[in-house]
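Read through the structure below, which is laid out as structure tokens, and then see the notes.
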Amino acid sequence: MKGLVIAVIALVLPAAVQAESLPVRLKDGATWAISGTHVRDGVGARAQKWTLKTVKTLVWSAPKTGQGARLTVNPVSATVGPVSPPEVPRARSLGIPAVVEVDDALNPGAAVNVDEVRAAFQEVLGRDIRGSEALADAAAHAMIASELAWAARGQGGELALGKTIETDGVVENPIGGPPIKVRDSYRLESYDATAGRAVIIWRQAADSAAFAKDIVASMAERMKSTTPSLKPEAIQAALRGASGTLESNCRHEIDLATGLALRADCRTTNAITIQGETRGTTDTWTITQTLPEPR
């Protein structure tokens, strides 16, 4: 959750409604652990099904002159669950310490030790990445910081109890092409100052009809380029009636003293149905963070 939510809240909440501030508060050098259990359940041809549990330690560096806040991400373990391909840990978790820039919500940004990260990713990939560094950086970022990104969805905001805040944005097109328009919503479900805990519900969704239209347009362009002999009417007939789902949601339990999401339960669904056949994935994440200690 970024500053956008804080800006919007002043415009949409009546003056009498009390907003609760939930900033992340950490000491320089604070260290803690983040664990994530990621379950993928795919449908359709070549569907993926696996479970991966990762454990990483984090060290926060406060902003300094000329640089923003940073997190050092140290991988501890990556373990697959039953009936999961053994190569999943190597493909889903980068095995070296990485330093990433973070904002006030600890949302992960670019890697600082980018040369080391690229070298490690190139080793995982097993081939030279020169000429495709941008794609490699995005893939490596997911391996390093997926858990951080899910946790950050509920961190560092300002919300009023029981009120839903909505914002519009875009996400990457899952099959390439123009970005997909989505709507995010945030809701402070509970706030217990005595217990020092709050619960935030986040949801992000694309309009189903608009999503299907965008996906169909992207697929039509791809079919034109890969199979030039196909006539436009044949492409339209093949894609007629397509429908799609693109949505994510999380429940975050926030520690009021630190602002960290001590637990986040998240689910994302990305699926498209064409001519009665559905392909896509449902991913669930269970993220936990320990309370930090100064180093």
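The values are calculated or read from the model by the stated rules, or taken from the named source; none is laboratory data. Source: prediction; values computed, not measured. For neighbour counting, all protein chains shown are included, and Cβ atoms are generated from backbone atoms with ideal geometry for every residue, glycine included. Just so you know, the surface numbers come from the protein's heavy atoms only, side chains and all, with ligands and any DNA or RNA stripped out. Shrake-Rupley method; radii C 1.70, N 1.55, O 1.52, S 1.80 Å.
Residues in the range 162-185 that are part of a strand (DSSP E or B) and surrounded by 12 or more Cβ atoms within 10 Å (Cβ to Cβ): 164, 165, 166, 167, 169, 171, 180, 181, 182, 183, 184, 185.
Taking the range 254-269 only, how many residues are under 17 Å from the mean Cα position of the chain (by Cα) and surrounded by fewer than 20 Cβ atoms within 10 Å (Cβ to Cβ)? Final tally of qualifying residues: 6. If I ask for residues that are within 18 Å of the chain's Cα centre (by Cα) and surrounded by fewer than 17 Cβ atoms within 10 Å (Cβ to Cβ), which ones from the range 49-100 would you list? Matches in the range 49-100: 91 only. Within the set 188, 159, the sole residue that is open to solvent by less than 20 Å² (accessible area, probe 1.4 Å), more than 24 Å from residue 284 (Cα to Cα) and in a strand (DSSP E or B) turns out to be 159. Restricted to the range 270-287, and to residues there that are more than 17 Å from residue 38 (Cβ to Cβ) and charged (D, E, K, R), the residue that is surrounded by the fewest Cβ atoms within 10 Å (Cβ to Cβ) is 277. In the set (1) open to solvent by 60 Å² or more (accessible area, probe 1.4 Å); (2) at pLDDT 95 or above; (3) of a type outside the set (Ser, Thr, Tyr); (4) farther than 23 Å from residue 124 by Cα, residue 43 fails one condition alone, (2). Being open to solvent by 80 Å² or more (accessible area, probe 1.4 Å) and assigned to a helix (DSSP H, G or I) is the filter here; which residues of the range 191-225 pass it? Within the range 191-225, 213, 221, 222, 224, 225 meet the criteria. Of the residues making up the range 182-223, not one is more than 29 Å from residue 264 (Cα to Cα) and modelled with pLDDT of 90 or more.
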